[in-house]
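Below is one structure, written out as structure tokens; the observations come after it.
The values are calculated or read from the model by the stated rules, or taken from the named source; none is laboratory data. Predicted, not measured: the structure shown is a model, and the values here were computed from it. Note that each Cβ is placed from the backbone with ideal geometry, even for glycine, and that neighbours are counted across all protein chains shown.
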Amino acid sequence: MRLFEAIVDANHRAVAGDREAGLHPADFADELPVIALTCVDPRLNAFFPNALALPAEQFIWLRNAGNIITQPLSSTMRSLALACAVKGGREIAIIGHTDCQICKTTAMQLLEKLKALGVDRHQLPENLNEFFGMFGSERQNVIKACDIVRNSPLIGPKIPVHGFMVDIETGRLEWIVNGYETWQTLPKPVEMSKGAGPMTEELGSFAKFNIGEMKFPETKIGETAKKIGTPELKLASPPPPAPLLPAAPAIPPKIPLPQPIRPRTFPTRGRR
């Protein structure tokens with residue numbers, strides 16, 4: 001059982017009233033810590049990381065209004081990438097929630113609310129929906145965010161990306177995007193022998209050439225000379241070689257030995 005499979009199982013049993021439901025994080029050390037992106041709604045403070053049955057030190061919590069991701073190279077993607085590369089996050093979870101006020105706010109209502117704060121329309125971007133990432137469905141917003149993260153060049157293929165909805169009343173998790181399934185179906189690198197592409201087409205039959213199948217004529221050079229009537233030439237015998245004197249034994253040069261490798265210890269106090 002993978003980490004989030006165990007998390008969802010424990011969450012559902014706990015919501016159903018099982019007081020013994022829980023998770024042993026030590027059993028999933030290779031999949032921790034988890035990076036979670038949620039909304040800024042203060043009602044979520046009571047649920048995380050408790051709803052995931054994770055200790056706080058294994059939960060990297062990122063938040064923005066509506067858990068919205070607009071672009072593969074946005075500031076939120078930068079934070080996710082740094083959380084993976086610097087903080088060691090192993091899996092990403094985009095967690096939306098029910099009764100999201102961002103979802104219920106229209107562009108016109110947003111203009112009115114901003115105007116009440118002293119922000120006029122001419123100070124805002126032309127396309128409000130695109131800039132603020134407005135959405136009409138919490139579930140679709142989570143699915144879209146997972147797709148952007150999964151295809152971002154800032155997130156490596158080794159990081160599973162999950163999508164969840166949490167019920168704001170009960171804390172029950174709904175698994176919308178299973179990152180393990182998507183992770184296993186990622187395209188594999190193409191082998192060179194299969195990916196020659198246009199070059200293979202241009203080479204045509206020569207691309208199938210095997211040097212081991214090349215055959216050379218068996219006629220010897222002397223036989224060819226006899227056939228064309230070339231007179232044979234007799235070379236004088238070379239003089240006997242002079243006797244060789246025993247050479248002095250070669251003295252190998254002295255090569256300095258490398259310095260021995262010594263173990264180095266580093267203090268761990270205060271490291272994060």
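Structure values in brief
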read-out	value
Contacts under 6 angstrom Cβ, first residue in the range 112-140 being assigned to a helix (DSSP H, G or I) and modelled with pLDDT of 95 or more, partner among the small types (Gly, Ala, Ser) and surrounded by 10 or more Cβ atoms within 10 Å (Cβ to Cβ), 6 or more apart	138/96
Selection count, the range 68-111, where residues are on the phi < 0 side of the Ramachandran plot and assigned to a loop (DSSP other than H, G, I, E, B)	15
Residue match in the range 52-67 (condition: outside any loop (DSSP other than H, G, I, E, B) and free of Cβ contacts under 8 Å to residues at least 24 places away in the same chain)	yes
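A quick yes/no check of all residues on (1) touching a residue at least 40 places away in the same chain (Cβ under 8 Å); (2) surrounded by 15 or more Cβ atoms within 10 Å (Cβ to Cβ):
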position	(1), (2)
20	no, no
29	no, no
44	yes, yes
71	yes, no
84	yes, yes
93	yes, yes
98	yes, yes
